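**Student:** The structure under discussion is supplied below as structure tokens; questions concerning it will follow.
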Amino acid sequence: MSTDRLQYLLDKLFHRQCSQDEKEELSLWIDTVPDDEEWKERLSRIWNSFGPSEKMEPSKADSVLKEILKKGTDKPANVKALKPRYTSVSGQMMRWSVAAAAIIGILIILSVIYLSKRPPTASRELASNNNITGQNDIKPGGNKATLTLANGKIIVLDSIHNGLLTNQHNSNIIKVSSGLISYNINRRSQITDHSSQIEYNTLSTPLGGQYQLILPDGSKVWLNAGSSLKFPVVFSGKGRMVMVSGEAYFEIARNSNMPFVVHITSPDGKDKGIVEVLGTNFNIDAYNDESNIKTTLIDGSIKVLNGNDSKMLAPGEQAEMKGNGGIQLNKEINLNEVIAWKNGLFDFEGNNIEEVMQQLAKWYDIKVDYQNVPSTQYVGTISRNSNISEVLKMLEMTGTVHFKVEGRTVTVMQ
């Protein structure tokens, strides 16, 4: 960080005008300086250059401390705040974390140095290379989906009120809340005609959408952006079968008499693999724009089939289905990275810029162009509730990449 930029941020901090992003940027600087004494000395030197005219009282330091550490109350409990920090892995990589202990240390120092009354000036602003303003910033995705019933009727879930949506074969379809629908079976009624044709509904999310579904058997499914799940109105007979494309996380209700089978399909319905389960939690990543299908087991046991090959998975293992019909078993898997999307996060663990932008494209519904492709790998965690400007800014802070945003097109540049 340049001296001018650091001085600008400190000036805003002590006038209680720092935005959350600016506080995180200041925390980033603290976290990147390896020696405490070094950043203390640099801080004091820059602060003295302000020409202070007023001593900072301890009460002022306490006030600033509370403001820095204050967390936004509008964020869901399962969404972590953006955590910036740097590290070096295979050259230049990016990692983010908020240096809370260092921030406390900085405030101790500030209690014995001075408070500048000079207001910040526009000349100290760090020019942004991604040319995003409040008017053209791109908001994150959200709970958006359509439910297509067996009779062809389409229900737009994000624009309909909570409550009963319809009734099918003694099942009430209920919108429980924003982002969740549930199938509730009338237990007093029984399915007696197992020979009748099974009717299927389809839950679909657009790019920039996500949704959760509770199936008739109590199993839970989370759909990521640009995904779909086709499922029967009622499970009957000897098995439970669904079809998925895109990415989905499953928590399957155990029923040894009715095994649960997931058919992984392409958007045009072509079968690309099968996952057999009894009761377990797992994630399927089967986007059409990715070369291989990845099924990762979180808990329980599953069997993955692809052509003539099959593999049994233990918790923490991943089956990577190849286009030629084979299966590669991966055993050292970062489960937090795999299911980060379900928990409201982007989690990058050594991803290149194309892999990073691939995730952003699905969530923000953007088109990505490349002028230059940096060879840098990126590591870090960012909230999916962030506007795209915040995400691009954190990437730009590595000094390895820049962006140009025009409408919903983001151009990657070195």
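**Student:** Return yes when Ser236 is under 26 Å from Ala150 (Cα atoms), in the same structural domain as Gln168 (by TED's automatic domain parsing) and among the small types (Gly, Ala, Ser) and no when it is not.
**Tutor:** Judged against the criteria, Ser236 is a match.
**Student:** Moving on to the next point. I'd like to know if the stretch 337-360 contains one or more residues that are more than 21 Å from Val262 (Cβ to Cβ) and basic (Lys, Arg).
**Tutor:** Checking the stretch 337-360: not a single residue is more than 21 Å from Val262 (Cβ to Cβ) and basic (Lys, Arg).
**Student:** Tell me the strands (runs of 3 or more DSSP E) entirely within the stretch 293-380 that contain at least 2 residues that are of a type in the set (Asp, Glu) and touching a residue at least 12 places away in the same chain (Cβ under 8 Å).
**Tutor:** 345-352
**Student:** Then there's this: Sort out which residues of the stretch 392-406 are at pLDDT 90 or above and either in a helix (DSSP H, G or I) or within 11 Å of Asp137 (Cα to Cα) (or both), and write them in order of number.
**Tutor:** Correct list: Leu392, Val405, Glu406.
**Student:** Considering each residue of the stretch 246-262, count those that are touching a Ser or Thr at 6+ places or on another chain (Cβ under 9 Å), farther than 13 Å from Ser219 by Cα and either surrounded by fewer than 16 Cβ atoms within 10 Å (Cβ to Cβ) or among the β-branched types (Val, Ile, Thr) (or both), and give that number.
**Tutor:** 0
**Student:** Among the residues of the stretch 250-275 satisfying the criterion of being charged (D, E, K, R) and within 27 Å of the chain's Cα centre (by Cα), which is farthest from Ile339 (Cα to Cα)?
**Tutor:** Once the filter is applied, the top-ranked residue is Asp268.
**Student:** Same structure, new question: Would you be able to say whether some residue in the stretch 329-345 is touching a His at 6+ places or on another chain (Cβ under 7 Å) and over 22 Å from Gly209 (Cβ atoms)?
**Tutor:** no
**Student:** Are there any pairs, at least 6 apart or on different chains, whose C-beta atoms fall under 6 Å, with the first in the stretch 237-257 and of a type in the set (Asp, Glu) and the second buried (at least 22 other Cβ atoms within 10 Å of the Cβ), and if so, which?
**Tutor:** From the stretch 237-257, the pairs are Glu247/Asn224; Glu247/Ser227.
The values are calculated or read from the model by the stated rules, or taken from the named source; none is laboratory data. The structure presented is a predicted model; accordingly, all values stated were derived computationally and were not measured. Virtual Cβ from ideal backbone geometry, glycine too; neighbours counted across all protein chains shown.
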